[in-house]
Amino acid sequence: MMVGAIIWSWQIFGQYLFSSEILHGAWVTIWLTASGIGLGTCIGAVLSVFGTSEKRLSRVLYQTYTGIVRGIPLLVTLVLVYDGLPEMGLTFGVVQSTLIALAINESAYMAEIIRGGILSVPHGQMEAAKALGMHRTKAMRVIILPQAIRAAIPAAGNEVNGLLKSTSLVSVISMTELFRVTQDIFAVNFHPLELLTIASLYYITMGTAWRGIQSLLERRFGAPTASKSRMKIRRPTAQLVVTESS
Amino acid sequence: MSASLLDQARDKSRVAVELRSVSRHFGDVAALERVDLEVLESQVIALIGPSGSGKSTLLRCINNLERVDEGSIHVFGERVGISEDSDRPRPLRDRAAAAQRIEIGMVFQNFNLFGHMTALENVMSGLVHVRHTGKDAARARAVELLERVGLGSKQRSYTLQLSGGQQQRVAIARALAMSPRLMLFDEPTSALDPETIVEVLDVIRTIADGGMTLLIATHEMGFARGVSDEVVFMDAGRIVERGLPQELFLRPKTERCQEFLSRVLHSGREL
């Protein structure tokens, strides 16, 4: 092993830390994560209804889909969509391929997360909805899914955190997100350590920020009943103060 | 046409619920065994009997939450859960089955209030999502019903902020909002504390006085006796005895009913 002089350059680090390329890359990473989770949640919500269906065929189809998709690494899916599908005459651009691969991949994971949420909703909720005259699809949409998604927020938040970092994989099909931007820069200036440190700092910062957002979401939607009941406990205390002062 | 035939025809039109030889089995257990029952409009029927005697299954079959293995159920003349349009009867499709339940209100033992909705939203839910009533009209009706069950001040409360008795009253208001012609109460007070039972029973009593057709499965014998026009005693999936409350409670004809009543009445529940 050769130990050379320390070549870390604060100048390079400072030059690129808030450079427009890096900021743009970080922004692309954010919207890729958001789109991946957004598309994944929409498709996954529909899929999860099949996964919890009373019909065996629906459940088998669901298990096949999620089994296949979750069985293939995201990296492989990406290359498959970008380089593989053109052989079947389906050619997509870089951005399209990225979004398609992310949507397919996330839909399977989000479907499993939402299915878990659906199973956590007591059976009586569906019965009460039916008793009011709702058909299954309506009951699913207005009664079960809203509660299932709330129950699924912690697991879904974890998924966002994971995808935030997994988006770096899309650099392989030359999608210019944060990791790709840093690679492009150090390929020219030969300062990989500084640039990868910068990329890492961005991932850590975005991940930390997401954790804050997630805890806000959990407080807002996670348990409406529990958080509101805290307010209820506070109210008598206020009344007590009023009676004492009067 | 003779007078008796006319009477019969008139009576037939007033039949709210008709079960003909209904059976339902869970594995080897017969939850219902060839049950025949006729309930006239505006009648209040109390279903009593030991746990597992088939009271709940009977109610759940009437609004098709439970399918029937054999026999037929008609509610207001309409066959429940089965399409008779074609030559071969077949189970109704989901939407048609749902439409049949609109006029049948149901109140569950465990309340089953929608957890993500406030009390007001719970009461509005059927109007908004099933009857497609406008939001404002639905809200006005829901407020009125919550006030009627004594919970006007709890509009914005979520399930966990309400006591069991309050939850059940919201659930009753939610069922009433659909203006059902028939209401089924599946042991509405069995999951409640003794002190909150009364408030729920009072609400049910006012509904009964309003002339709606009610079927109430209950373990509250005093209530059953006071509220009902007729009492049906069930045991092991069969209707063992049916009669006027004062007769059935004071002079039960069958040994099993006598045995049940003496056991229940001597275990602390007063008539």
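The values are calculated or read from the model by the stated rules, or taken from the named source; none is laboratory data. Treat the numbers as computed from the prediction; the structure is a model and nothing was measured. Heads up, the Cβs are rebuilt from the backbone with ideal geometry, glycines too, and the neighbour counts pull from every protein chain shown.
Remarks
- Count - residues of the range B:190-205 that are farther than 20 Å from B:I62 by Cα, touching a helix residue (DSSP H, G or I) at 6+ places or on another chain (Cβ under 9 Å) and without any contact (Cβ under 8 Å) to a residue 40 or more places away in the chain: 9
- Filtering the range B:69-97 to residues that are under 17 Å from the mean Cα position of the chain (by Cα) and away from chain A (no Cβ under 14 Å) leaves B:I73, B:H74, B:F76.
- Number of the exception - B:T213 against (1) modelled with pLDDT of 95 or more; (2) within 12 Å of chain A (Cβ to nearest Cβ): (2)
- Considering each residue of the range B:98-105 in turn, none proves to be in contact with a Leu (Cβ under 7 Å, 6 or more places away or on another chain) and more than 14 Å from chain A (Cβ to nearest Cβ).
- Residues located in the range B:226-242, provided they are part of a helix (DSSP H, G or I) and either touching a strand residue (DSSP E or B) at 6+ places or on another chain (Cβ under 6 Å) or buried (at least 18 other Cβ atoms within 10 Å of the Cβ) (or both): B:V227
- Filtered residue count, the range B:32-68, keeping only those that are within 14 Å of another protein chain (Cβ to nearest Cβ), in a helix (DSSP H, G or I) and not aliphatic (A, V, I, L, M): 4
- Conditions (1) in contact with a strand residue (DSSP E or B) (Cβ under 8 Å, 6 or more places away or on another chain); (2) closer than 18 Å to A:W31 by Cβ; number of the one not met by A:A131: (2)
- Scope the range B:142-160; condition within 14 Å of chain A (Cβ to nearest Cβ) and either under 22 Å from the mean Cα position of the chain (by Cα) or of a type outside the set (K, R) (or both); matching residues: B:A142, B:L145, B:S153, B:Q155, B:S157, B:Y158, B:T159, B:L160
- Condition met for A:T182 (in contact with a Ser or Thr (Cβ under 7 Å, 6 or more places away or on another chain), in a helix (DSSP H, G or I), modelled with pLDDT of 95 or more and more than 12 Å from chain B (Cβ to nearest Cβ)): no
- The lone criterion from (1) at pLDDT below 95; (2) over 30 Å from A:F190 (Cβ atoms) left unmet by A:V3 is number (2).
- Cβ separations smaller than 7 Å between residues 6+ apart or across chains give the following pairs from the range B:82-109 residues that are without any contact (Cβ under 8 Å) to a residue 60 or more places away in the chain to residues that are acidic (D, E): B:Q100/B:E78.
- Taking the range B:22-52 as the range and being touching a residue at least 40 places away in the same chain (Cβ under 8 Å) and touching an Asp or Glu at 6+ places or on another chain (Cβ under 6 Å) as the test, the residues that pass are B:S23, B:R24, B:H25, B:Q43, B:V44, B:I45, B:G49.
- Residue selected from the range A:104-136 under the condition at the interface with another protein chain (Cβ under 8 Å from one of its Cβ atoms) and in a helix (DSSP H, G or I), by the criterion surrounded by the most Cβ atoms within 10 Å (Cβ to Cβ): A:A131
- Pairs with Cβ under 7 Å, 6+ apart, first in the range B:126-138 and touching a residue at least 24 places away in the same chain (Cβ under 8 Å) and more than 8 Å from every other protein chain (Cβ to nearest Cβ), second buried (at least 18 other Cβ atoms within 10 Å of the Cβ) and of a type in the set (D, E, K, R): B:L127/B:R141
Okay, residues lined up against (1) at pLDDT 95 or above; (2) buried (at least 18 other Cβ atoms within 10 Å of the Cβ):
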site	(1), (2)
A:G38	yes, no
A:F50	no, yes
A:E54	no, no
A:R59	yes, no
A:Q63	yes, no
A:I68	yes, no
A:V76	yes, no
A:P86	no, no
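- Being surrounded by fewer than 24 Cβ atoms within 10 Å (Cβ to Cβ), within 14 Å of chain A (Cβ to nearest Cβ) and not basic (K, R) is true of B:S179.
- Extreme residue, surrounded by the most Cβ atoms within 10 Å (Cβ to Cβ), among residues of the range B:113-141 that are hydroxyl-bearing (S, T, Y) and over 22 Å from the mean Cα position of the chain (by Cα): B:T118
- Just so you know, in the range A:137-155 the residues that are surrounded by fewer than 22 Cβ atoms within 10 Å (Cβ to Cβ), out of contact with any Gly (no Cβ under 8 Å at 6 or more places or on another chain) and within 7 Å of chain B (Cβ to nearest Cβ) include one that is nearest to B:E66 (Cα to Cα), and it is A:K138.
- Residues of the range B:139-157 that are touching a helix residue (DSSP H, G or I) at 6+ places or on another chain (Cβ under 6 Å) and without any contact (Cβ under 8 Å) to a residue 12 or more places away in the chain: B:G152 alone.
- Residues of the range B:112-124 classified as facing chain A (nearest Cβ under 8 Å) and either at positive phi or touching a Lys or Arg at 6+ places or on another chain (Cβ under 7 Å) (or both), total: 2
- Residue within the range A:60-67 that is assigned to a helix (DSSP H, G or I), out of contact with any helix residue (DSSP H, G or I) (no Cβ under 8 Å at 6 or more places or on another chain), of a type in the set (S, T, N, Q) and away from chain B (no Cβ under 14 Å) present: yes
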